[in-house]
Amino acid sequence: MEKRKYYQPEIETMPREELKKLQSEKLVKQVKHVYDNVAYYREKMDKMGVKPEDIHGIEDLHKLPFIEKSDLRDTYPDGMLAVPREEVVRIHSTSGTTGRRVIAYYTQHDIDLWEDCCARAIVAVGADKEDIIQVSYGYGLFTGGSGLHGGSHKVGCMTIPMSSGNTERQIQFMTDLGATVLCCTPSYAAYLGESLKEMGYTPDTIPLKAGIFGAEPWTASMRKSIEETLGIKAYDIYGLTEISGPGVSFECAEQGGMHVNEDHFIAEIINPETGEPLPYGEKGELVFTCLDKEAFPMLRYRTRDICVLNAEPCPCGRTHIRMSKPMGRSDDMMIIRGVNVFPSQIESVLLNEGFSPNYQIKLGRVNNNDTFDVYVELPAEQFDDSVKTIAEKERTLKDAMRNMLGIGPSVHLVPPKTIARSEGKAVRIIDERKLHD
Ligand code: ADP
Ligand code: ZN
């Protein structure tokens, strides 16, 4: 049997004109649904003098007010719920990376469309019924586990609902059952790769052929290193709880950006300072409008993720727009001694210099000056190096970081396995400055 290329071919390859028509029809209905059922958003619209009748199609999208994270905090726990409580079949919650949890609600219909999106992502990595998918994203409040689990069922793959953690058991199931696709955060994939290597597995003895990694930023060099240790092709997947979860967009085999599931979500790029919509190709803040969701239908939700949209046709045949990898989110950015620093910059220096991406950044404040320390694990084979060589390596890393960032941290090489491993999203930054403000 020939492998299928798409999960829902008629939608995934729909001509753009038709797709826009579909989006317009859905948008008109959705705005009315939200206006009628969410008092908070109705007041926002009333304040701006916009009525559902003013929205005739996607050309009117910019007339609608934004929803920001602060709105979700203000309406916690259910002020944005748009259906009667008894229609809700599940909730999920953000991982609280930025300190505030958001509760998202789903009807059965909402779960279905979300799982379809994940199924599209799974088929896009070349998986089909005969594949065995190990879902090592956390299950529970986090969307990662349930989303890919549901998608895997829809495709008909054998699903291993591992959840995160217990690395030895992960490896045992992966090798005993011959898992072919691994789904987890890139930081956990790197950790699993490292553990497999230590246990004597080489890329050709690991059954995996593809990985679907997302939920946090990761660099091109990290992708390369995961691909080499696991002997796979690593695909990116993007999503956020507010919009449903993973699968809002996903990479195809071309890997030139992630296709946004545009029949369900309209993507816009805006100038984060002014809120002005920007044309495709320009860098700005990503904003999503949910077209089909019933329970928690976000309209013009500001993600804080900075990226670029590309509407050029993709050789894979999918017509849906592609988004670039988020270039860090605006609130992931550290300001150290007045300089903007993203953890991804530090990570790429480490990988370029031959170190593993196991690091932690500690920020403090002494005499009103920021302290900036980066702790990096030594590769096991360099652990026995002399104190002198280690000091030299620390200096080299410091210089490379200064070149990249404009400021130089104190670099500390520490023994292998001494930095706490994350099983979900990596904890990269410990900022103690806030305690002394
Ligand atoms: P939280 O905001 O608490 O982390 P989520 O778990 O819903 O909540 O995370 C969503 C965020 O994770 C996105 O807004 C984005 O910043 C980040 N993210 C998700 N997938 C990716 C990806 N593939 N690459 C980079 N960042 C991602
Ligand atoms: Zn494509």
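Residue by residue, here is whether (1) away from ligand 1 (no atom under 16 Å from the Cβ); (2) closer than 21 Å to Thr167 by Cβ; (3) crowded, with 24+ Cβ neighbours inside 10 Å holds:
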{"residue": "Tyr105", "(1), (2), (3)": "no, no, no"}
{"residue": "His109", "(1), (2), (3)": "yes, no, no"}
{"residue": "Leu113", "(1), (2), (3)": "yes, no, no"}
{"residue": "Asp128", "(1), (2), (3)": "yes, no, no"}
{"residue": "Gln134", "(1), (2), (3)": "yes, yes, yes"}
{"residue": "Tyr137", "(1), (2), (3)": "no, yes, yes"}
{"residue": "Gly147", "(1), (2), (3)": "no, no, yes"}
Residue list for the stretch 304-318, restricted to those being assigned to a strand (DSSP E or B) and modelled with pLDDT of 95 or more: Leu309, Asn310
Enumeration of residues in the stretch 242-277 that are within 9 Å of ligand 1 (Cβ to nearest atom) and either surrounded by fewer than 23 Cβ atoms within 10 Å (Cβ to Cβ) or within 20 Å of Leu27 (Cα to Cα) (or both): Glu242, Ile243, Val248, Ser249
Residue in the stretch 404-437 that is modelled with the lowest pLDDT, counting only those that are under 22 Å from Arg365 (Cα atoms) and charged (D, E, K, R): Asp437
Long-range neighbours under 7 Å by Cβ, at least six apart or interchain, first residue over 19 Å from Met174 (Cα atoms) within the stretch 127-151, second among the polar types (S, T, N, Q): Leu141/Ser93; Phe142/Ser95; Thr143/Thr241
Selection count where residues are among the hydroxyl-bearing types (Ser, Thr, Tyr) and either on the phi > 0 side of the Ramachandran plot or touching a residue at least 60 places away in the same chain (Cβ under 8 Å) (or both), scope the stretch 23-70: 1
Long-range neighbours under 7 Å by Cβ, at least six apart or interchain, first residue more than 11 Å from Ile306 (Cα to Cα) within the stretch 257-272, second basic (Lys, Arg) and in a strand (DSSP E or B): Gly257/Arg322; Met258/Arg322; His259/Arg322
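Looking at Arg73, Arg120, Arg101 in this structure, which one is more than 16 Å from ligand 2 (Cβ to nearest atom) and farther than 30 Å from Gly49 by Cβ?
Arg101
Every residue, every condition in (1) touching a Gly at 6+ places or on another chain (Cβ under 9 Å); (2) assigned to a loop (DSSP other than H, G, I, E, B); (3) touching a residue at least 12 places away in the same chain (Cβ under 8 Å); (4) among the acidic types (Asp, Glu), yes or no:
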residue: Val376; (1), (2), (3), (4): no, no, yes, no
residue: Ile390; (1), (2), (3), (4): no, no, yes, no
residue: Lys393; (1), (2), (3), (4): no, no, yes, no
residue: Thr396; (1), (2), (3), (4): no, no, yes, no
residue: Asp399; (1), (2), (3), (4): yes, no, no, yes
residue: Val411; (1), (2), (3), (4): no, no, yes, no
residue: Glu423; (1), (2), (3), (4): yes, yes, yes, yes
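The values are calculated or read from the model by the stated rules, or taken from the named source; none is laboratory data. Keep in mind it's a predicted model, so treat the numbers as computed, not measured. Cβ coordinates were reconstructed from backbone atoms using ideal geometry, including for glycine residues, and neighbour counts include every protein chain displayed.
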